[in-house]
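Chemist: Here it is, the structure in full.
Every read-out reported here was derived from the displayed coordinates using simple, explicitly stated rules and does not represent laboratory data. As the structure is a prediction and not an experimental result, all values here were calculated from the model.
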Amino acid sequence: MTTQTKTTWRKVKLGDVVEIIDGDRGENYPGNGELLASGYSVFLNTKNVSGTKFDFNNVQFISEGRNHLLRKGKLERGDFVLTTRGTIGNVAHYGKDIQYEHIRINSGMVILRPKQNIIDERFFNLFLIGQAFKNQTVSLQSGSAQPQLPIRDLKRFEIDLPSFKEQSKISDILWVFDEKIENNNRIIKTLEEMAQAIFKEWFVKFRFPGYEKVKLVDSELGEIPKGWEVKRLGDLGKIITGKTPSTKDKDNFGNIYPFVTIPDLQSGMFVMSTERFLSDQGGESMRVSKLPAGAICVSCIATVGLIGITTQNSFTNQQINSVLPDSQELQTFLFLLLRRMKTSLQSYASGGTAAPIISKGVFEKIPAIVPSENLVENFHKIISPMFEKIKIALEENQKLAAMRDLLLPKLMSGEIMV
């Protein structure tokens, strides 16, 4: 790669290189009563298009009959989905890895279909996740009450486009980073599933090593193996509720201590990065709520039950209760226990569905089945290497993403030529 002035690039309109396809909004558009928990075709809503990927955790379907009545809005492999109403600018790629064969869009999004031999599919994907696209999205969206991005405006988006051959070369360079990140994500997913499976086998089904020789006895949470106990979360470690330092004093914020909020718990098992950091002064003002590496953070206001482990000295806001396990061996068990307890944690929240909250006092008293100390230690010996591999993979992903994001705007603008 060399830095030089680009000469073969041209600025084109999005509508000239991509087919923009709306959904069917006519009389055959399915009503709420026709959306199913399972069915022939996925019927996307905006929650299914999160950031730059699909999220199929809560997916709805339509029947085969309803699907055939709709004339537009059916995805083909290689298409992109863009949200254009409410939450603007989220994108997802319908690649070969998506498990659903039939997917249709709802009225809050459009399909972007790259024109063959004009714009490379991978190059277009890189454009969609780049800053140039985000800037145009912000400047052209309309409607203050419910932001919208009309197709007529979307067609006017501009792309700096090199030759098709150069597009492929740029994609080859940047795609290496994404492929490595995706490979790490597959490793992380496999390790997490293995850890959860062992936890379920030992501590839910009670099929731990030597279980045949252990009798079940009654407890307040039902039958449990003899020698196990029902304890409160407050008995398993120190509970710390975070707070927010005064925003009036700008010196409270800096670049030293990660300041963890609920969105930072959505990225996986470990808290790898945060949007805000505290200074030494800010950390000193919150010293009683300082968390060491290895603390287990649990969201307890609004979105209840998100969990993450700190990787360095950190602080949280008041929406998070954190557990400092009484022993290192207890950490892996306690993390997987709390993750499995997500639904039951939500049942302890007060304030109704609009503003659920678990206070520190309530959180400390939540009961849990705790196995013998020897079994916890044996479990930790098996699981902790998995946690460490997950952490290493996440750290590598962070570095790879930083390198990709550094190269992306330079390659996509032609500042660096290939």
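Chemist: Under the definition of Cα pairs under 8 Å and six or more residues apart, what whole-number percent is the relative contact order of the chain?
Modeler: 17 percent
Chemist: How many angstrom lie between the C-alpha centres of segment 104-177 and segment 318-347?
Modeler: Going from one Cα centre to the other spans 41 Å.
Chemist: What per residue convex hull volume, in Å³, comes out for segment 225-288 when only alpha-carbon positions are used?
Modeler: Normalising the Cα hull of segment 225-288 by residue number yields 127 Å³.
Chemist: Report Rg/Rh for segment 229-370, rounded to two decimals, where Rg is the Cα radius of gyration and Rh the Kirkwood radius.
Modeler: 0.96
Chemist: Quick one: P(r) of segment 136-229 from all Cα-Cα pairs, 5 Å bins, percents rounded to integers, in order of increasing distance.
Modeler: That works out to 2, 9, 10, 8, 7, 8, 8, 8, 6, 6, 6, 7, 7, 5, 1, in percent per bin.
Chemist: For the chain, what D do you get in µm² per second when you plug the Kirkwood radius from alpha-carbon pairs into Stokes-Einstein at 4 °C and 1.567 mPa s?
Modeler: For the chosen part, D equals 53 µm²/s.
Chemist: Report, in degrees rounded to the nearest 10, the 0 to 90 angle that the Cα long axis of helix 164-203 makes with the longest principal axis of the chain.
Modeler: That works out to roughly 20 degrees.
Chemist: Separate question: For segment 352-418, just run the numbers: alpha carbon Rg, then divide by 2.2 N^0.38 Å, N being how many residues it has.
Modeler: Segment 352-418 yields a ratio of 2.09.
Chemist: Now a separate question. Limiting things to C-alpha atoms, what are the Rg and the maximum Cα-Cα separation (Dmax) for segment 8-161, in angstroms?
Modeler: When restricted to Cα atoms, segment 8-161 yields Rg and Dmax of 15.4, 53 Å.
Chemist: Which value at 222 nm does the chain reach when only helices count, each DSSP H run of 4 or more adding -39,500 (n - 2.57), with the total divided by all residues and rounded to the nearest 500 deg cm²/dmol?
Modeler: Computed mean residue ellipticity for the chain: -11000 deg cm²/dmol.
Chemist: Under 5 Å between amide H atoms, partner at least 5 residues away or on a different chain: which partners does ALA295 have, H built in plane at 1.01 Å?
Modeler: Hits under the 5 Å cutoff: THR310.
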